[in-house]
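S.K.: Shown below is the structure under consideration.
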Ligand code: HEC
Ligand code: HEC
Ligand code: HEC
Ligand code: HEC
């Protein structure tokens, strides 16, 4: 009798673990996230991926796989400070793709060959706190090499594990810090603000900054 009861408790805990894992997996992706534009009126396709990717006729010069969105042509003001050791360049890599919506110069619906404000483009631009703009002087630096040499120069930085990650979780792109170092555009980590890991207690910052 006793054994049956414990078995019941065991089955209950076991199935709730499975349920939790299942529920976490279901929500930890782009669907239903802020980057799911399938319900936005400006996205007539009602699809999720097509706003950013296409299986055919992609923009081959883009630095994002099968890119389908018009790319920004803006020149950005860059972060600078007297204590900065890194050499920060104009945004490159996937950061340029992010800024193609987040700098506010290109319409959200400028995808699939539609050009900003022309043709099927209805010209809706990003607004509010999601607008990063073309002035990056007041934003965490991006598009710079973060390697062992920089860690040595700064003296208060972790040494990255490899050219593709700091700690096995936070990614680098050919040794560079990009927007996608801190954010997962597809929301696979299921954190607030699309972060790659929780920033509770500044855990994300402390991955790199030894403070
Ligand atoms: C808001 C723009 C956006 C949307 C929507 C989007 N992606 Fe992406 N995707 C990107 C960017 C930017 C990258 C470049 C890599 C990075 O920054 O992580 C990327 C990279 C990828 C890659 C290659 C790298 C990897 O993670 O494996 C694949 C595959 C991919 N996306 C598939 C998809 C699929 C499938 C969908 C729809 C379910 C989708 N994406 C929706 C922006 C987007
Ligand atoms: C196709 C346009 C587009 C692209 C490309 C795009 N975004 Fe966004 N992003 C948006 C829009 C629109 C919102 C606001 C959605 C809302 O508030 O409903 C947003 C919201 C966000 C947010 C706020 C999340 C939150 O929970 O408040 C972050 C962070 C973000 N994007 C990061 C990125 C990064 C990093 C990239 C590149 C890897 C990127 N985005 C590429 C359109 C885009
Ligand atoms: C070093 C890490 C880091 C980098 C690099 C970074 N972000 Fe963020 N970003 C954050 C954190 C952390 C937050 C959440 C801040 C908060 O909740 O107050 C955030 C918030 C945001 C938001 C939401 C703003 C809001 O008020 O809701 C957007 C949009 C965004 N980032 C886009 C970008 C884009 C685009 C890039 C590249 C140009 C970028 N981020 C680069 C760490 C970063
Ligand atoms: C992926 C690693 C990484 C993450 C995550 C990260 N940073 Fe950084 N951050 C750097 C590197 C590398 C530099 C360049 C340092 C240098 O050149 O001296 C930098 C620069 C800075 C600077 C400017 C330093 C200066 O001397 O001007 C500040 C401030 C800063 N980060 C704060 C933060 C905060 C706050 C967070 C969390 C929201 C954060 N960082 C997340 C790697 C990171």
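S.K.: Would you confirm, using the coordinates I've provided, whether residue 99 is buried (at least 18 other Cβ atoms within 10 Å of the Cβ), at pLDDT 95 or above, under 20 Å from residue 34 (Cβ atoms) and near ligand 2 (Cβ under 9 Å from one of its atoms)?
M.R.: Working: buried (at least 18 other Cβ atoms within 10 Å of the Cβ): yes; at pLDDT 95 or above: yes; under 20 Å from residue 34 (Cβ atoms): yes; near ligand 2 (Cβ under 9 Å from one of its atoms): yes.
So residue 99 passes the test.
S.K.: Is it the case, given these coordinates, that residue 202 is surrounded by fewer than 17 Cβ atoms within 10 Å (Cβ to Cβ), near ligand 4 (Cβ under 9 Å from one of its atoms) and either farther than 30 Å from residue 41 by Cα or modelled with pLDDT of 95 or more (or both)?
M.R.: yes
S.K.: Show the residue pairs that are 6+ apart or on different chains and have beta-carbon atoms under 9 Å apart, the first residue being within the range 79-103 and within 18 Å of residue 66 (Cβ to Cβ) and part of a loop (DSSP other than H, G, I, E, B), the second being modelled with pLDDT of 95 or more and more than 9 Å from ligand 2 (Cβ to nearest atom).
M.R.: Note: pairs meeting the criteria are 93/142; 93/143; 93/173; 93/174; 93/176.
S.K.: A further question follows. Within the range 171-183, work out how many residues are more than 11 Å from ligand 3 (Cβ to nearest atom) and either in a helix (DSSP H, G or I) or buried (at least 22 other Cβ atoms within 10 Å of the Cβ) (or both).
M.R.: 0
S.K.: Something else about it: If I filter the range 184-193 down to residues being more than 9 Å from ligand 3 (Cβ to nearest atom) and without any contact (Cβ under 8 Å) to a residue 40 or more places away in the chain, which single residue comes out as surrounded by the most Cβ atoms within 10 Å (Cβ to Cβ)?
M.R.: Among those residues, the one meeting the criterion is 184.
S.K.: Kindly provide the set of residues from the range 102-140 that are in contact with a strand residue (DSSP E or B) (Cβ under 8 Å, 6 or more places away or on another chain) and at pLDDT below 95, ordered by number.
M.R.: Residues satisfying the conditions are 106, 110, 111.
S.K.: Next question, about the same structure. Considering each of 63, 70 in turn, give the residue that is within 16 Å of ligand 2 (Cβ to nearest atom) and surrounded by fewer than 17 Cβ atoms within 10 Å (Cβ to Cβ).
M.R.: 63
S.K.: What pairs come up if the first residue lies in the range 42-70 and is on the phi > 0 side of the Ramachandran plot, the second is away from ligand 2 (no atom under 11 Å from the Cβ) and at pLDDT 90 or above, and their beta carbons are under 7 Å apart, counting only those six or more places apart or on different chains?
M.R.: What qualifies is 46/38; 66/54; 66/55; 66/58.
The values are calculated or read from the model by the stated rules, or taken from the named source; none is laboratory data. Worth saying up front: this structure is predicted, and the values here are computed from it rather than measured. Cβ coordinates were reconstructed from backbone atoms using ideal geometry, including for glycine residues, and neighbour counts include every protein chain displayed.
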